[in-house]
1. In whole angstrom, how far apart do the alpha carbon centroids of the stretch 255-281 and the stretch 168-215 sit?
2. Quote to one decimal, in nm, the extra length available between Glu253 and Ala111 on full extension: 0.36 nm per residue of separation minus the C-alpha distance between them.
3. So for the chain, taking the charge dipole from beta-carbon charges (+1 Lys/Arg, -1 Asp/Glu), which of Ile171, Thr184, Asn46 sits furthest toward the positive end?
4. Quick check on my link table: of Lys49/Lys201; Lys145/Lys194; Lys63/Lys90; Lys211/Lys239; Lys133/Lys228, which ones sit more than 20 Å apart, alpha carbon to alpha carbon?
5. Long-range amide H contacts for Val251: which residues qualify at under 5 Å (H placed 1.01 Å from N, peptide plane, sequence gap of 5 or more or a different chain)?
6. About the Cα centre, and with charges only on the beta carbon of Lys, Arg (+1) and Asp, Glu (-1), how big is the dipole of the chain? Nearest 20 debye, please.
7. Where does the charge balance sit around Leu166 when Lys and Arg score +1, Asp and Glu -1, over other residues with C-beta under 12 Å from its C-beta?
8. Going toward the positive end of the dipole of the chain, with +1 on Lys and Arg Cβ and -1 on Asp and Glu Cβ, which of Ala111, Pro68, Ser222 do you reach last?
Amino acid sequence: MNREIVLTGNELKGVMPLRSETLPLAHLKSLERKGFGNASVFVFLNSYKPAEIAAGYLFNLMKEKKNPVVGLATGGTFEYFYDYVSQNYKNNDCTFKNVSTFNLDEYVGIAKDNPNSYHHYIDSRFYSRIDIKRENAFMPDGMAKDLQAEADIYDKRIASKGGIDLQFLGIGTNGHIGFNEPGTSFDSATHVAKLSESTVKDNSRFFKGSKVPESALTMGMSTIFSAKKIVVIATGKQKNGILRKIQGCGVTEEVPATILKMHHDVTFLLDSEAAHGLSVE
Ligand code: F6R
């Protein structure tokens, strides 16, 4: 029989530094770990809550660690997250002055000032609104002459900062994380990835008639897996199919996000549309 678990205030300690009235506890439910390996899975009725809870993890890290290293995702899922973090970090006594960030990916062949680039996305939605030092905000350069050299440098930079403490991820409808498409080796480091047909189709909504690039520089599967903690956000009914697939299948390179079942510290934050029909025992 299905049952829902409502978290208590105690269980939330250390997860949610935001004021308690911002979190209607009755709206926070946890799925049993069935089908998600080691990961914790929380489902919220309100589709904004996953981003707000994710922001809580970030604020906690910023308070706890002197020089935190954060892995950032872009895409539609994270638009509200960046609004929320920019508007609330100061109220939470946080500063980005000592934070380093590494974005997951960038399209190949798109200039930084192109509105469709992830450089433009993260700059306009986030960096320009927070007190981060630009020299600590890293992104792969999709215009680099030698893309593989750029990829290698990216992994070295991450390592030189001591690795990623907290990695944020969205999920593609085909199960990709970063732009690691189905079939990508779990051993891959940062590399040039060819976008799958379904990703080109999904992302064409942002390109408004102009051509979606065919490839991207992306953190590799092993780069992502090396993060100390990973927080995944998936919202909306378009993510329901892939979440059911992840729950229903084993760990396989054909569904890249299944690698997360093996990581020691992964939290999925879902809304009820994305989680619809996931089984709970
Ligand atoms: C973006 C990224 C991608 C997206 C994924 C979901 O930096 O790495 O994996 O997280 O494609 O995209 P949205 O949020 O647009 O559905």
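Read the figures in this text as sums done on the coordinates, not as results from a lab. All of these numbers come straight from a predicted model, not from anything done at the bench. Positions of Cβ are backbone-derived with ideal geometry, glycine not excepted, and every protein chain shown enters the neighbour counts.
1. 19 Å
2. Numbers: separation 142, 0.36 × 142 = 51.12 nm, distance 3.09 nm.
Separation in residues times 0.36 nm, less the Cα-Cα distance, equals 48.0 nm.
3. Asn46
4. Working: Lys49/Lys201 27 Å; Lys145/Lys194 17 Å; Lys63/Lys90 12 Å; Lys211/Lys239 24 Å; Lys133/Lys228 23 Å.
Distance filter (> 20 Å) returns Lys49/Lys201; Lys211/Lys239; Lys133/Lys228.
5. none
6. Details: 33 positive and 32 negative charges, 103 e Å.
Dipole size: approximately 500 debye.
7. Values: positive: Lys65, Lys228, Lys229; negative: Glu64, Asp165, Asp265.
Cβ neighbours under 12 Å give a net charge of 0.
8. Pro68
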